[in-house]
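Read the structure below first, then the notes.
All of the numbers you see were taken from the coordinates with simple rules; none came from a lab. All values derive from a computational prediction rather than experimental measurement. Note that each Cβ is placed from the backbone with ideal geometry, even for glycine, and that neighbours are counted across all protein chains shown.
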Amino acid sequence: MDEEQKRQPWERQPWETPTAFRRFTDYYLSQPQPRSVDLAYRNYLCKKRGLPQGHESVNRKHASGTWRRWAQGRDRYDQKVPGGFTWPERGAAWDDHVAEQARAALAAREAEVLACGYALYFERIADLKALADLLWEEINTEKKRWLPDVKQIGSGEGAQRVDIVRFNAGLINEFRETLDDIAEELGQRVKNLALSGTVGVASVTADELAEARARAEKWRAERFREDPPAGETDG
């Protein structure tokens, strides 16, 4: 591929004079869409005469024959140059090029973001594990598992304030939810599973569910010492 074939439509073409190329880039290509050759010519006249753009003295002007020839990809003999692009074609190619560059930049940024930090599932798991370790340490600290609280007995002048301790159920829930988050990241939690067809599912009675729930509550009470510390009551 020779040098001419490598040139992009918005670049200076072999048959194009420096003046013609400057008019294309400075006054046509720099316009927002939709572009106009006549407007490019009027803007050129305003700048040449030191007038503000859109001045009434030029607002009815049309592009000169030379400008028309440049815009149509014709040479100085008004012959269509083989392979010559018109200004609208070159402008459209430039717009496509800019759009492609923008898409490439966005794709590169997306790839950069998705390749690090919390976009990576194992990074999320690492921090969730650190959170779970922290919560587990809190759970095993008695003063954080049991929180001081007050309770009022009676009302009016005879009301009494009683200091009590309250089980920190929220801490346990946070720990369990963190474990659920880890399991979900690992694909070990199946939510909203709908069973259909002839899947064999053992029937479970209400009594069996109640018994299982009771066993779970008993285990949690024993494991996390849900009874208040010795000597302390809720009044």
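So if I take the centroid of the Cα atoms in region 1-76 and the same for region 112-162, what is the distance between those two points in Å?
When both Cα centres are located, 69 Å separates them.
If amide H atoms are built 1.01 Å from N in the plane of the peptide, which residues on other chains or at least 5 residues away come under 5 Å of the amide H of ILE164?
Residues meeting the criterion, in which the H sits 1.01 Å from N, are ASP149, VAL150, LYS151.
Using a simple spin-label model with points 7 Å from Cα along the Cα→Cβ vector, what separation in nm is obtained for ARG7 and ASP181?
Inter-label distance under the simple model: 6.0 nm.
Kindly provide the GluC sites (Glu not before Pro) of region 17-109 that DSSP labels as loop, not H, G, I, E or B, and whose Cβ sees at most 16 other Cβ atoms within 10 Å. Write down the numbers at each step before the final one.
Numbers: sites: GLU56, GLU89, GLU100; in loops: GLU56.
Sparse-neighbourhood loop GluC sites (Glu not before Pro): GLU56.
Which whole-Hz couplings ³J(HN,Hα) result when phi for each residue of region 156-164 is put into the Karplus expression 6.51 cos²θ - 1.76 cosθ + 1.60, θ = phi - 60°, listed in order with x for Gly and Pro?
Calculated HN-Hα couplings, in order: x, 5, x, 5, 10, 9, 10, 7, 10 Hz.
Take the Cβ-Cβ distance between HIS55 and PHE21 as r, set R0 to 25 Å, and report the resulting FRET efficiency rounded to the nearest 0.05.
Values: r = 26 Å, r/R0 = 1.02.
Approximately 0.45, to the nearest 0.05.
With a cut-off of 8 Å between alpha carbons and a minimum separation of six or more residues, what is the relative contact order of region 119-193 in percent? Don't jump to the answer; show the numbers that get you there.
Details: 62 pairs, mean separation 23.1, N = 75.
So the answer I get is 31 percent.
Quick one: plug the Kirkwood hydrodynamic radius of region 3-114 (C-alpha pairs) into Stokes-Einstein at 10 °C, 1.306 mPa s, and report D in µm²/s. Don't skip to the answer; put the middle values down first.
Working: Rh = 15.6 Å.
Approximately 102 µm²/s, per Stokes-Einstein.
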